[in-house]
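This report concerns only the one structure given below.
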């Protein structure tokens, strides 16, 4: 089949779909990644077709306004800002997406590309498969993962309600842009006021979840067409080699702590770096600091600290003693599969959900919300992650079990059944 995967958002949002696309390509499908223009090198490194939608998501994340919103952690304010940015780009994305998806047999989309994907599927008469790495199907088993913070435990009916609330927050923030693109670019009627979630195209197709059932067990109230496959991990590109300076640092002493906040920018990166360095001095830990998209900056660091702009987690996390990060789904998965404790500093969206999940599994300390991060709290968390041997053992055992899964193969098998059903 000719498959177009629509993957919009930060690198952490896009990377699982590259892994899925790579698995589909190896299974004989033709795969096109429809994503932001700044991910061209990442996509083509895995020999997938790259089709850009105009606009650079990194510029939005790095803006001063976004940095301030992330630091405050207000989910509704962040959603409003990102929705406004998406509305400005929506017409361009629809034009680019329409050209990208013509001539394909199947569309695949997750949270970031679902509404655009549905509109394109309707326009082109194509089936669309939902593929997520965060729980999005309503259930009584746990509350919505994208809520700004964990709600009180009020039972299964309340849990289900929170999923519907999450869906409406996302849809209502996108509805006006979706209406304009449908009518202006695609010549389609507006989607229903409450969203396209009951679209027959969605009801007729399976749903894929690219995370481990060991991390979030499959709810009993999900139907048999909803598959928790295991993680979609992306290995390092074949031509990637670690910098000599980094390997020298790793070999020069005991395994360091990793600290990085991915695409979560900081309004005051120097202050964040100082806080982290103080905690490292007090815990006497070596560390690798990820500067990422400006989240950490420090011109002069001690010899016990090594700073990098970017590094494949799949390679690095096997060589460190604990992971301190923002709790994005991808980074959380990388820490879990590596079998080391994770310390999560959530900013917003699904990050608190993953932080609580890691703590509930006993493979990391309680999460520390970014607004409440202090030297003292980080010192305590690092000390626990490095010295708590039962926690370290649980993390190692869970990592080994996750490594034995093959989420991509299971996802490819489901898509193969779709192909067979279409040929029948």
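Every number here is computed from the coordinates shown, using simple stated rules; none is lab data. None of these values were measured; they are calculated from a predicted model. Because the Cβ atoms are built from the backbone with ideal geometry, glycine has one as well, and the counts that use them run over all protein chains shown.
Table for the structure above
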item: Least to most buried among 248, 350 (fewest other Cβ within 10 Å first); result: 248, 350
item: Ranked 194, 315, 93, 51, criterion: other C-beta atoms within 10 Å, fewest first; result: 194, 315, 51, 93
item: Sequence-separation-based contact order of segment 244-403, relative, with Cα cut under 8 Å and 6+ spacing, percent; result: 21
item: Percentage of interatomic Cα-Cα distances in the chain larger than 32 Å; result: 35
item: Pairs of alpha carbons in segment 244-403 whose separation is greater than 28 Å (percent); result: 10
item: Average Cα contact separation per residue, the chain, under 8 Å, 6 or more apart, as relative contact order %; result: 16
item: The chain: angle of helix 269-283 to the longest principal axis, Cα-based, in degrees nearest 10; result: 50
item: Theoretical ellipticity at 222 nm over the chain - DSSP helices of four or more residues, -39500 (n - 2.57) apiece, nearest 500; result: -14500 deg cm²/dmol
item: Rounded to 10°, Cα long-axis angle of helix 329-338 versus longest principal axis of the chain; result: 50
item: Cα-based Rg and Dmax for segment 99-229, where Dmax is the largest Cα-Cα distance (Å); result: 15.5, 48
item: Cα-based helix-to-principal-axis angle, 75-101 vs the chain, degrees rounded to 10; result: 50
item: Kirkwood hydrodynamic radius (C-alpha pairs) into Stokes-Einstein, segment 133-195, 20 °C and 1.002 mPa s, D in µm²/s; result: 164
item: Approximate spin-label separation residue 359-residue 387, in nm, with each point projected 7 Å along Cα-to-Cβ; result: 2.0
item: Spacing of the two label points (7 Å from each Cα toward its C-beta) at residue 318 and residue 27, in nm; result: 2.5
item: Taking the C-alpha atoms of segment 84-134, convex hull volume expressed per residue in Å³; result: 73
